[in-house]
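Chemist: For reference, the structure I am asking about is given below.
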Amino acid sequence: MAPADARLVPPGRHGHLFLHAVHFDAGGRPASGEIFDVAPQSSARGTLSFRPFGRHLGVAAALCATLATCRFPTGVDLPASAVAFGAPAVYARWWAMAESCSGVTGSLRDVSFLQVPGVAQFDHNGTSVIGFWTNDGNRIVLAGDAMLDGGNVRHEMLHALIRVGGHPRDQFLSKCAGTVDCGQQCIADAGPAPAADPAALSISPATLEVTAEITPKAPTSNLDGGFFTVTVSVRNPTTTPTIARLGATNQRALAFRYDVSGTMGGVAGGEIVLDASSVTFDAGETKRHVFDFAIGNNIPGNRLPPGLYTMRGGYGSHLTTPVSVPVGP
């Protein structure tokens, strides 16, 4: 029987390190702020879970946690409360991103989308999941709260494009690394990272070229419903393979990152190293990571109120030059 994919829900978010968020009132005074204790928590994915002092950070999207793979057979039972929904406008751009990174093309119209309304996760064969893809009808089923989580939706779209329920490393951790979410179980399913080149030089992040690109450049609610991305690109400018030195051991070191600030507040966060391939670069190689944002009123959730913001990308300690970004209503 052909495989499918399911995304399980442990605490926290795959490899995502949320650093700080603060929201200012109209007079420029801090209206709310969150400093997060990021001590590692026990998790089958081995990621960090985030515990703001005095408040609970709601579960975002997460990855496979307990199964050996993310596969379910054709003919899986759909949740009883699942309802079909039309793909939001931004899905076309997310689909194009998955096509571009994978090198595989397909029709978004051939995919059926269903959601389980009002939940962050749902039961599937006795397991809590946030969503899955099955080639039984080429369907993607998502928890209602995960319908607009870009990295996770693109993960399922990649499955629909390559028609595989497992996580081939060539796609999830090479071609589409950083464009689709891939947590520790996804990494385990993909198999071990290739060994580093014995001749690779150990370098500091300052040696690498780091840039950040906002798409679209001037987000408004009329463009893809107000959703936009910050893509951080890191290039090895040397003619030799390199290993980025992000920390004493690179394990769980802060890799790709972002910092956004404006008159209404700011948020900073990033991705920790979960796979060795995220710090190894061939000569001239570029790696990328996509961070998803939207216009809204939840700064800790990367939903920014309209205003003028300063954005910086980064990799380890190397930050880009600040860029002004108008976020329109």
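The values are calculated or read from the model by the stated rules, or taken from the named source; none is laboratory data. Treat the numbers as computed from the prediction; the structure is a model and nothing was measured. Here the Cβ is made from the backbone with ideal geometry for all residues, glycine too, and neighbour counts use every protein chain on show.
Chemist: Can you tell which of Leu246, Leu274, Leu223 is touching a His at 6+ places or on another chain (Cβ under 9 Å) and of a type in the set (A, V, I, L, M, F, W, C)?
Modeler: None of the other options fit; the residue is Leu274.
Chemist: Still on this structure, I have one more. When the residues of the stretch 271-294 are filtered to those that are in contact with a Phe, Trp or Tyr (Cβ under 6 Å, 6 or more places away or on another chain) and not aliphatic (A, V, I, L, M), which remaining residue is nearest to Pro88 (Cα to Cα)?
Modeler: Phe293
Chemist: Let me ask something additional. Somewhere in the stretch 278-290, is a residue crowded, with 22+ Cβ neighbours inside 10 Å and among the small types (Gly, Ala, Ser)?
Modeler: yes
Chemist: Does Glu271 fit the bill of being surrounded by fewer than 17 Cβ atoms within 10 Å (Cβ to Cβ), acidic (Asp, Glu) and at negative phi?
Modeler: no
Chemist: Let me ask something else. Under the condition of being surrounded by 16 or more Cβ atoms within 10 Å (Cβ to Cβ) and not in a strand (DSSP E or B), which residue from the stretch 297-329 is farthest from the chain's Cα centre (by Cα)?
Modeler: Pro306
Chemist: Now a separate question. Being more than 26 Å from Arg252 (Cα to Cα), of a type outside the set (Val, Ile, Thr) and at pLDDT below 95, is that true of even one residue in the stretch 164-172?
Modeler: yes
Chemist: Residue check: is Asn152 of a type outside the set (Gly, Ala, Ser), outside the structural domain of Tyr258 (by TED's automatic domain parsing), in contact (Cβ under 8 Å) with a residue 24 or more places away in the chain and within 20 Å of Gly301 (Cβ to Cβ)?
Modeler: Spelling it out, Asn152 is indeed of a type outside the set (Gly, Ala, Ser), outside the structural domain of Tyr258 (by TED's automatic domain parsing), in contact (Cβ under 8 Å) with a residue 24 or more places away in the chain and within 20 Å of Gly301 (Cβ to Cβ).
Chemist: Only residues that are in contact (Cβ under 8 Å) with a residue 40 or more places away in the chain, touching a Leu at 6+ places or on another chain (Cβ under 8 Å) and not in a loop (DSSP other than H, G, I, E, B): list them for the stretch 171-189, please.
Modeler: Within the stretch 171-189, Gln171, Val180, Gln184, Gln185, Cys186, Ile187 qualify.
Chemist: If you take the residues of the stretch 223-274 that are polar (S, T, N, Q) and farther than 23 Å from Ile187 by Cβ, which of them is modelled with the lowest pLDDT?
Modeler: Thr263
Chemist: When you check Ser128 against the structure, is it among the hydroxyl-bearing types (Ser, Thr, Tyr) and in a strand (DSSP E or B), yes or no?
Modeler: Yes: the conditions hold for Ser128.
Chemist: Just a yes or no: is a residue in the stretch 201-223 in contact with a Leu (Cβ under 6 Å, 6 or more places away or on another chain), buried (at least 19 other Cβ atoms within 10 Å of the Cβ) and assigned by TED's automatic domain parsing to the domain that holds Arg257?
Modeler: no
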